[in-house]
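Each value in this text was obtained by applying a stated rule to the coordinates, not by laboratory testing. Just so it is clear, the model here is predicted, and its values are computed rather than measured. No Cβ is skipped: glycine too gets one built from the backbone with ideal geometry, and neighbour counts run over all protein chains shown.
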Amino acid sequence: MKHANIDNWAERVDLAAAFRWTARLNMHEGVANHFSLAINDEGTRFLMNPNQVHFSRVKASDLIVVDANDPDTLLGPNAPDPTAWGLHGAIHRHCAHARCAMHVHSIHATVLASLADSRLPPIDQNCATFFNRYVIDDHYGGLAFEEEGERCSTLLSDPQKKVLIMGNHGVLVVGQTVADTFNRLYYFERAAETYIRALQTGQPLRILPDDIAEKTARELETYPEQDARHLAELKAILDEEGSNYAS
């Protein structure tokens, strides 16, 4: 049911659904990790999950509003933890194209981030989706407090690079909308799983040629409405189950 007195309600509902489904896919980590969505033109005011609330319990009305230019945000009720502020605040200050940002320590993306070579070769269609579209951070500097968050944000300066493989840490995905970003996060985890499982066979990999990988990535980028339809179906499932995510 819509809360008429709460701004950005549709965006809140989408983000809450993304939290719920991320937990269902076991891509969360306890009460850590965070998603954010810009709600002003400059991108500096954003919605975020309240501090250390489990993804499976986040509701649309729970989401807090954070101002990337106001450190006093950290003094408010349910304020984000300092690492959420450091990482997402820096991204929303410096990366105008990153309207939405999702950071998780999902299993397979984190395994990939733990390898000495964290590249994701295009061995299938999902992996090809990310060909030349990610950045690898090889300089993990500890928890993402303000200095580390600022450093990470500089790695996402190229709007074409929408995935940051955070070496020794996890993954951060950005996009224009909740649907766009969650869809990318979902498929990156699937791609990382395919690659990790392929490595486990010990067999040679069948790697696509660069031109075919690029062609595939471009085709998927313009595939009509897949991200919006994906999220709409997840919301429909949650609604049918009687979930309170949209409350």
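Per-residue extension of 0.36 nm, minus the Cα-Cα distance of E240 and D138, leaves a gain of 32.4 nm for this segment. The label-point distance for D117 and D210, in a model that sets each label 7 Å from Cα toward Cβ, rounds to 1.6 nm. Can you classify region 39-112 as rounded, prolate or oblate using the Cα gyration tensor, where a ≥ b ≥ c are the square roots of its eigenvalues, rounded means a/c under 1.5, and otherwise it's prolate if a/b beats b/c and oblate if not? Taking the square roots of the gyration eigenvalues as a ≥ b ≥ c, region 39-112 is oblate. Rounded to whole numbers, the Karplus 3J(HN,Hα) couplings from phi for region 38-47 are 5, 10, 10, 4, 6, x, 8, 9, 8, 7 Hz, using 6.51 cos²θ - 1.76 cosθ + 1.60 with θ = phi - 60°, and x at Gly and Pro.
Mean separation of Cα pairs under 8 Å and 6 or more residues apart, divided by the residue count, gives region 23-135 a relative contact order of 27 percent.
The HN-Hα couplings worked out from phi for region 209-224 by the Karplus form 6.51 cos²θ - 1.76 cosθ + 1.60 (θ = phi - 60°) are x, 4, 5, 6, 4, 5, 4, 5, 4, 5, 5, 6, 5, 9, 5, x Hz, whole numbers, x standing for Gly and Pro.
Extension gain, N26-Q52: 0.36 nm per intervening residue step, less the Cα-Cα distance, totals 7.7 nm.
Per residue, the average separation of C-alpha pairs within less than 8 Å and at least 6 apart gives region 9-240 a relative contact order of 22 percent. In order along region 48-58, the Karplus-derived 3J(HN,Hα) couplings, from 6.51 cos²θ - 1.76 cosθ + 1.60 at θ = phi - 60°, round to 7, 5, x, 4, 6, 9, 4, 3, 6, 10, 5 Hz, and Gly and Pro are given as x.
In plain terms, if you count all Cα to Cα distances in region 9-240 and split them into 5 Å steps from zero, the share in each step is 1, 7, 15, 19, 21, 17, 11, 6, 2, 1, 0 percent.
Each of N168, H230, A217 was placed along the dipole of the chain (beta-carbon charges, centred on the mean Cα), and the one lying farthest toward the positive end is H230. Our estimate of slack between Q160 and E146, defined as 0.36 nm per intervening residue step minus the Cα-Cα distance, is 2.6 nm.
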